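Asks: Structure below; questions to follow.
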Amino acid sequence: MTPKRFLTYLLLPLLWACSEEKTPTGLYTPSDDAWTEVLYAGDLSDSVVVQIESDPPSLHPTNGRTTYRDLILGLTYQRLHFLDLTQPGNLYPSLAVGQPVPLRNDSTYSITIHPDAVWPDGSPVTAKDVIFTIKAVGCPLTQNGPQKSYLEYLTDVREEPGNPKVVHFDFREYYMNNKNISILSYVLDARKFDPEGTMAAIPVSEFLGEAADKLATDPGVVAWAAFFNDGKLGTDLEWLNAGSGPYRILSWIPEQEIVLERRADYWGKDLPGYAHRATPPRIIFRMIQEDASLELQIKEQRIDIAYPSVQSYQNLSESELVNTHYRMARPSKTSIAVIAWNLRPEASGRAPIFNDVRVRRAVAMAIPLDSMLVQHFPLAQQRAVSPVSPGNPDHNDTIRPIPHQPVMAAQLLKEAGWADSDNNGYLDRVVNGASVELSFELMFAPNSDAVTAIMNRMEQELAKVGVRMVQKPASMQEYLPLVSNHEFDAALFAFGSSDLPYDFKQLFHSESWGEQGSNLFGYRDQEVDGWIDEARIERDPARRKDLVNRIQARLYHDQPMLFFFHPRSEVIVHRRFSGATFYPVTPHLILNAMEVKR
């Protein structure tokens, strides 16, 4: 299970393919209900081996924002609630009992921690741990910028007098996601992460809003933050296993594998519901990037769950051996593939290429996105016109994609002052007294043949209108530092989202530029900021729908990113597992519920 934040900024691999499922024979006896139950007669283990492409840079419980990090931490740590995979939009209790209870006209939410919830040493999880976690998230010196904006409306977090298992969250006013505060962060053991009691001595209110800035110079907080941000908290087993979840990390061999082991004494092992399942004795995440290696390991049944490239998927779908032992599926994803432009290049001394909306729209018109999808992304769910998933009620379905119009693109570039003054085939103009060529680097992770093909096609199509695109392959480890420091011209991303009311602030509000959010490309529009602020607190559904539609229409006009498509995933899962139901959120399966019935 993978808990999701209100909006999660992720770097996701773009992989797709197609296949027809074939009927297996021999070792597997399926039920009539789409393989929800399988009796297995073979000798493979009950553990699950999952292919991932690379190590997460860190497994720090608050500092980080990558898919693989959340995937692993969702098994070793716990939030109060997470988003239910089986019923989109609902909260699923993890450390909590039941749902958040609204009090005082929705300005307070009360949450009860499960009475049996304990830390690995048997000590109870209490409201003090939740309060400390909010302080850690809100502290201005902790390196978890994207989470801080979700504390904007929070005014206090307090333990119910006489009941250490009940915590109250107080808010200054209505905000559409106030009740979802319980999915914001993994809950931390205050004893472990605040051994000197530094944070316990400071009221919660001082970590919230403008008051938090004053803590940046407090000597005690500075010392605590240096300890909390230390890289060892995201790599050393002592800290990796400080969570309350059903699994612990047994070993981590960099660039090879991360092995999770079921906790025999897990506090929730007898509770119903998939949140507390720990069926596989081990869950092993194995790093495999090369197609040939992945195909070989699948054919040898050394991998149980894989996310292959398009070519590998097609190769594997033609193998009788693979179809005998594996199910192949392509579930939809609640994500969007985009190319984000650096709209504030001055922050890293780069040329101002995309500051002009005419250049951004011209690039969108110059690229034949529809035909490229057909040729290179055959299993794309659909062209994207908005960051909001089409399945979300907030999606604006009146927007039509920008068509392929290279002549209009050339005209827009001319209007923006670009011309080929030196007759080298590429446009240029004078900026701040110096000649600047209309040239940019496009950073991408070369994780499939299809991605490489699409980069080549874009380079060719843009050259036709005088734009030089330089391909810049980068590993996942390189991506985050470069993007966070704004050291890029353009970058290929996939952004994941949830089924909750869409909050545009993280990606598109000017206040979220820099370390306090995920607006890493620097979009800013004062009117859009106002609409975002208003939509977040609007109670009337019709009024809110009008606001979110306006925001999306303006974003599509401004093109702060080239909205590409809503992808599907290609997933291969071994047939010996019962309960292998596919969901639209990575990893598309509930890993801790994968069961072998013999």
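The values are calculated or read from the model by the stated rules, or taken from the named source; none is laboratory data. None of the values given here were measured: they were computed from a predicted structure. Here Cβ is always computed from backbone atoms with ideal geometry, including for glycine, and neighbour counts include all displayed protein chains. Protein only, heavy atoms only, side chains kept; ligands, DNA and RNA dropped before computing areas. Shrake-Rupley method; radii C 1.70, N 1.55, O 1.52, S 1.80 Å.
Asks: At a 10 angstrom cut-off on C-beta neighbours, averaged per residue, how do the peptides 348-359, 185-196 rank from highest to lowest? All intermediate terms of the calculation are to be shown ahead of the outcome.
Replies: Working: 348-359: 17.4, 185-196: 19.9.
With the highest mean Cβ count within 10 Å placed first, the list reads 185-196, 348-359.
Asks: Still on this structure, please answer the following. Accessible area per residue, 1.4 Å probe, Å², for region 41-87: what's the number? Before the final figure, lay out each step's value.
Replies: On the way: 1040 Å² over 47 residues.
Normalised by residue count, the accessible surface of region 41-87 is 22 Å².
Asks: So which aspartates and glutamates can residue 165 reach, going by Cα to Cα under 19 Å and dropping same-chain residues fewer than 8 places off?
Replies: 116, 121, 129, 156, 189
Asks: Using alpha carbons only, what's the Rg to Rh ratio of the chain with Rh from Kirkwood? Could the numbers behind the result be given before it?
Replies: Details: Rg = 24.6 Å, Rh = 25.4 Å.
Rounded to two decimals, Rg over Rh is 0.97.
Asks: Additional query: Taking θ as phi - 60°, what are the ³J(HN,Hα) couplings along region 282-298 by the Karplus curve (6.51, -1.76, 1.60), each to the nearest whole Hz, with x for Gly and Pro?
Replies: Those phi angles translate into 9, 10, 10, 9, 10, 7, 9, 10, 6, 4, 4, 5, 5, 4, 5, 5, 5 Hz.
Asks: Evaluate E = 1/(1 + (r/R0)^6) for residue 554 and residue 201, where r is the Cβ-Cβ distance and R0 equals 45 Å; express this FRET efficiency to the nearest 0.05.
Replies: Efficiency, rounded to the nearest 0.05: 0.50.
Asks: Suppose R0 equals 22 Å. What FRET efficiency, 1/(1 + (r/R0)^6) with r the Cβ-Cβ distance, do residue 422 and residue 482 give to the nearest 0.05?
Replies: Working: r = 30 Å, r/R0 = 1.37.
About 0.15, to the nearest 0.05.
Asks: Using 31 Å as the Cα-Cα cut-off, could you pick out the over-long pairs in 414/472; 464/505; 128/597; 128/269? Walk me through the numbers on the way to the answer.
Replies: Details: 414/472 27 Å; 464/505 36 Å; 128/597 41 Å; 128/269 24 Å.
Those over the limit are 464/505; 128/597.
Asks: Here's another thing I want to ask about it. Using mean Cβ contacts within 10 Å as the protection proxy, how do 170-177, 537-544 order, highest first? Each step should come with its number before you reach the end.
Replies: Numbers: 170-177: 16.9, 537-544: 12.4.
Order by mean packing, descending: 170-177, 537-544.
Asks: May I pose another question? How large is the accessible surface per residue of region 379-447, computed with a 1.4 Å probe and reported in Å² as a whole number?
Replies: Values: 3470 Å² over 69 residues.
Each residue of region 379-447 exposes 50 Å² on average to a 1.4 Å probe.
Asks: Quick one: dipole size for the chain, taken about the Cα centre, charges +1 on Lys/Arg Cβ and -1 on Asp/Glu Cβ, in debye to the nearest 20.
Replies: Details: 57 positive and 75 negative charges, 147 e Å.
Here the chain has a charge dipole of around 700 debye.
Asks: Which whole-number value in Å² is the accessible area per residue of region 134-245, probe 1.4 Å?
Replies: Values: 4270 Å² over 112 residues.
Using a 1.4 Å probe on heavy atoms only, each residue of region 134-245 averages 38 Å².
Asks: Please give the length that would be gained between residue 141 and residue 430 if that part of the chain were fully extended, namely 0.36 nm times their separation in residues minus their C-alpha to C-alpha distance (nm, one decimal).
Replies: Details: separation 289, 0.36 × 289 = 104.04 nm, distance 4.10 nm.
So the chain would gain 99.9 nm between residue 141 and residue 430.
Asks: Can you tell me how much longer the chain between residue 101 and residue 457 gets when fully stretched, taken as 0.36 nm per residue apart minus their C-alpha distance, in nm with one decimal? Numbers along the way, then the final one.
Replies: On the way: separation 356, 0.36 × 356 = 128.16 nm, distance 5.29 nm.
Separation in residues times 0.36 nm, less the Cα-Cα distance, equals 122.9 nm.
Asks: Mind checking the dipole of region 312-459: about its Cα centre, +1 per Lys or Arg Cβ, -1 per Asp or Glu Cβ, Debye to the nearest 20?
Replies: Working: 13 positive and 15 negative charges, 84 e Å.
Rounded to the nearest 20 debye, it is 400 debye.
Asks: Report, to the nearest whole %, how much of the accessible area of the chain belongs to carbon and sulfur atoms, 1.4 Å probe, protein only. Please list the in-between numbers first.
Replies: Details: 11350 of 22580 Å².
Carbon and sulfur: 50 percent of the exposed surface of the chain.
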